[in-house]
Amino acid sequence: MIARSLTWSRHNLFGKPFDVLLSLTVIPGTLWLIYQAVAWAVGMAQWDIIPQSLRVLMIGIFPADQAWRSWVAVAIIAALLGAALGCVFAFRTRHAGFLALVLAILVSMTGVNTLAALTAVLVIFASAWILTSYVPMSRRVLIPASFTGLIAIFAVMSPPGAGLWGGLLLSVLLTLVTAVLSLPIGVLLAFGRRSRFSSLRMISTAYIEVMRSVPLILVVYWIWILMPVLTPELNLADVVRGMVGFTLFYSAYVAEYVRSGLQAVPRGQTEAARSLGMSEFDINRSIVLPQALRVVVPPLVGNVLDIFNAAPLVFIIGLTDFLRAGQMILANPQYGNRTYEVYSFLFFTYFLVGSLITFVARKLEAHLARGSR
Amino acid sequence: MNFKHILMAGTFAGAALVASHASASVLDTVKQRGTLNCGTDNTAPGFGYLNTTTGQMEGLDVDFCKAIAAAVLGDASKVKFVTVTDKSRFDAVLTNQVDVVFAHTTIKPARESSIAIDFLPINFYDGTGVMVKTESGVAKFDDLDGATFCTTQGSVTETVLTSAFKARGWTASKVLTYENLEKLFAALNSGRCNAMSTDKSALAAWAGNSPKPADYLILPDTLDKSPFGGFVVANDSRWRNALRWSSYGLFQAEESGISQANLDEKLKSEDPFVQKFLGVGGGYGKDFGLPDDFVAQAIKAVGNYGEIYARNLGPDTKMFLDRKGTPNALWTEGGAIYSPLWN
């Protein structure tokens, strides 16, 4: 064993003079950094601020006595994510142990009073996962179910006032709504850009190019200013306008991904379909789009990660997303010296969610590649 | 939305902005709606921030929102806090998304002349101050010739300091900058700076939260004035007057010794001015389109100006800002908090 690891390190770490130099600087440096970070985290950091302000970090200023509403929303989100996961990644018994571990970690962080709710959420997640893993029929209802789920979330979260949404829940909701809504709009735009009708083509192209050449923050701010002026009687909440801005912006990106997928479909496919006498609409719906989407699913999942990471920009229109919630806690003079604790927590949560999304994207890619091999 | 649409939307926006000026006063809209949309910050300690223990918004600006809701609608709980940032606060008022903004906004001429807003009375006087260690023996700014000053990166304070040096012909003085207040304070303690300079309200909070507050001295000089006031959309005198006099009401209440605690007693007072001021048997409210007891309602909700100040910024809070000897004291005590004559 020792001999093997020695051989391995001689080959990989100390093979050439340059490798030796690199290893001698990078390895001790990294170890030193890790030591410093751990020493701080264990010895100096005062982590009590995290459990104390966890509710604010998770749901912002959403009233505490209405917190059950946010749990319902979290359960719906868990069901949707579980169902989506089941489509590409079959549930195995060993995953149950993993979920139990996640539960244990979450409960140890938040205290036992959330045990029942967290268990329920994870059970719902696992059930949805199992359902789509083993009942292929259920996958067909996933798309209508996600729209219904989003509407249900809005219905259950709205009564206390949409202006109160915040924290990590807001970031996740914004990401979900944008990801789900930008897909159909993006597909339509992608087809519009390839359309035979030049007016449709020009409008779609102009839309995509304009959106892609301006920064997201500008689009969000514009929509926020313009909507109450254009539609005073609608009186949409800030959070809805934020979602509209994000959806309009990311639709253009989705359109470009989908277009690249459409171009990847071999011409022979459409010609064969045409020679069978299929209509243009049927060709696009049953032949071109399924093959195109198969190609672009991995970049589309990457796009979801982009949306999640861009979500903090909504602070500009006064929304309290996850990052802003952390800053809001630090604004309290009594917590002024906990900057590093709060930001470390934000960092790890973002890192965790981000790596989950990239993990799913990698699995998806592998799953889809199986068919084309 | 293609380019043509954006242009069209812009035109509509302009037209609607113009149209909104011709429509009814915000006062009527607020009364009809039954809630006040009040723009505040949520990351400004002492002014507008979230108390994470109670889950409630707190601060001087937040209390002013509550006072206005109580004065206009008779119920301080009918206020909806809309978070605005330094960037969005003016647009929020111009597009009627909020009825009034209280967000530690410095009153400057360009803000009233080029943005269509009108300011309300000053509710807090801040300014750039200088803090030194007590052991240095420095008593006033002019003692600091040749000293090293520290401030935060990219703040206006840096410019303020260098122009103060130029005005006094100090060539040996220099400015060091740090990325945040925590590092700045550490630099003062370690002796790398002779003086630390930033907003006076922040200086007091840092000294007060330290283990030994007596080790620090905030110099009496104010290098750059920064008066804060709420604001409303321009050209709506009815709304602006109602809010101005609601604010003055809080100042006058303190001057007349009417507080949250003794309000019930004062409502039975025989003093004709107190009676009229609190709206007992007819008051000042009707002509503003407000209930006659609007000042009494505001006091009942948040207390007079002195109480609001003590609750959010005073020496008993984490802000440690003493009013004594500052413009934030009542004019009768040498400050600048002043209400015009009521009767």
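The values are calculated or read from the model by the stated rules, or taken from the named source; none is laboratory data. A quick note: this is a predicted structure, and the numbers were derived from the prediction, not measured. Positions of Cβ are backbone-derived with ideal geometry, glycine not excepted, and every protein chain shown enters the neighbour counts.
Descriptive notes on the structure:
- Given (1) buried (at least 21 other Cβ atoms within 10 Å of the Cβ); (2) at pLDDT below 90, number of the condition B:Ile68 does not satisfy: (2)
Residues are listed down the side, and each one gets a yes or a no for (1) without any contact (Cβ under 8 Å) to a residue 60 or more places away in the chain; (2) exposed (fewer than 14 other Cβ atoms within 10 Å of the Cβ); (3) among the charged types (D, E, K, R); (4) not assigned by TED's automatic domain parsing to the domain that holds B:Phe47:
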{"position": "B:Ala167", "(1), (2), (3), (4)": "yes, yes, no, yes"}
{"position": "B:Trp170", "(1), (2), (3), (4)": "yes, no, no, yes"}
{"position": "B:Val175", "(1), (2), (3), (4)": "yes, no, no, yes"}
{"position": "B:Glu179", "(1), (2), (3), (4)": "yes, yes, yes, yes"}
{"position": "B:Ser190", "(1), (2), (3), (4)": "yes, yes, no, yes"}
{"position": "B:Ala195", "(1), (2), (3), (4)": "no, no, no, yes"}
{"position": "B:Asp199", "(1), (2), (3), (4)": "no, no, yes, yes"}
{"position": "B:Leu203", "(1), (2), (3), (4)": "no, no, no, yes"}
{"position": "B:Ala214", "(1), (2), (3), (4)": "no, yes, no, yes"}
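- Pairs are defined by a Cβ separation below 6 Å, a sequence spacing of at least 6 or placement on different chains, a first member in segment B:216-241 that is touching a residue at least 60 places away in the same chain (Cβ under 8 Å) and closer than 19 Å to B:Ser114 by Cβ, and a second member that is of a type outside the set (Val, Ile, Thr) and assigned to a helix (DSSP H, G or I); the pairs so defined are B:Val232/B:Trp239; B:Val232/B:Arg240; B:Asn235/B:His21.
- Failed item, numbered, when B:Asn235 is tested on (1) part of a loop (DSSP other than H, G, I, E, B); (2) over 28 Å from the mean Cα position of the chain (by Cα): (2)
- From the list A:Ala116, A:Ala128, A:Ala104, A:Ala152, the lone residue that is in contact (Cβ under 8 Å) with a residue 60 or more places away in the chain and out of contact with any Phe, Trp or Tyr (no Cβ under 9 Å at 6 or more places or on another chain) is A:Ala152.
- Residue match in segment A:105-113 (condition: surrounded by 16 or more Cβ atoms within 10 Å (Cβ to Cβ), among the β-branched types (Val, Ile, Thr) and over 18 Å from A:Phe147 (Cβ atoms)): yes
So that you can scan it fast, the table gives a plain yes or no per residue for (1) in contact with a strand residue (DSSP E or B) (Cβ under 7 Å, 6 or more places away or on another chain); (2) assigned to a helix (DSSP H, G or I); (3) among the aromatic types (Phe, Trp, Tyr):
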| residue | (1), (2), (3) |
| --- | --- |
| B:Val82 | yes, no, no |
| B:Thr85 | no, no, no |
| B:Asp91 | no, yes, no |
| B:Pro121 | yes, no, no |
| B:Gly127 | yes, no, no |
| B:Gly146 | no, no, no |
| B:Phe149 | yes, no, yes |
| B:Val160 | yes, yes, no |
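- Count of residues meeting criterion [more than 14 Å from chain A (Cβ to nearest Cβ), assigned to a helix (DSSP H, G or I) and over 24 Å from B:Phe124 (Cα atoms)] in segment B:182-210: 3
- The set of residues in segment B:306-329 being touching a residue at least 60 places away in the same chain (Cβ under 8 Å) and either in a helix (DSSP H, G or I) or not assigned by TED's automatic domain parsing to the domain that holds B:Asp271 (or both) consists of B:Ile308, B:Tyr309, B:Arg311, B:Asn312.
- Residue in segment A:304-312 that is within 14 Å of chain B (Cβ to nearest Cβ) and closer than 25 Å to B:Ser88 by Cα present: yes
- Restricting attention to segment B:29-51 and to residues that are assigned to a helix (DSSP H, G or I) and of a type in the set (Val, Ile, Thr), the residue that is nearest to the other protein chains (Cβ to nearest Cβ) turns out to be B:Thr29.
- Under the condition of being more than 13 Å from chain A (Cβ to nearest Cβ) and outside any loop (DSSP other than H, G, I, E, B), the residues counted in segment B:93-110 number 4.
- Checking B:Asp145, B:Asp118 one by one, the residue that is more than 26 Å from A:Val314 (Cα to Cα), out of contact with any His (no Cβ under 9 Å at 6 or more places or on another chain), surrounded by fewer than 18 Cβ atoms within 10 Å (Cβ to Cβ) and in contact (Cβ under 8 Å) with a residue 12 or more places away in the chain is B:Asp145 and no other.
- From the list A:Pro160, A:Pro144, the lone residue that is of a type outside the set (A, V, I, L, M, F, W, C) and loosely packed, with under 13 Cβ neighbours inside 10 Å is A:Pro144.
Yes or no, residue by residue, for (1) surrounded by 16 or more Cβ atoms within 10 Å (Cβ to Cβ); (2) within 14 Å of chain B (Cβ to nearest Cβ):
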{"position": "A:Leu189", "(1), (2)": "yes, yes"}
{"position": "A:Phe197", "(1), (2)": "no, no"}
{"position": "A:Leu234", "(1), (2)": "no, yes"}
{"position": "A:Asp238", "(1), (2)": "yes, yes"}
{"position": "A:Gly242", "(1), (2)": "yes, yes"}
{"position": "A:Leu248", "(1), (2)": "yes, yes"}
{"position": "A:Ala264", "(1), (2)": "no, no"}
{"position": "A:Gly277", "(1), (2)": "no, no"}
{"position": "A:Glu280", "(1), (2)": "no, no"}
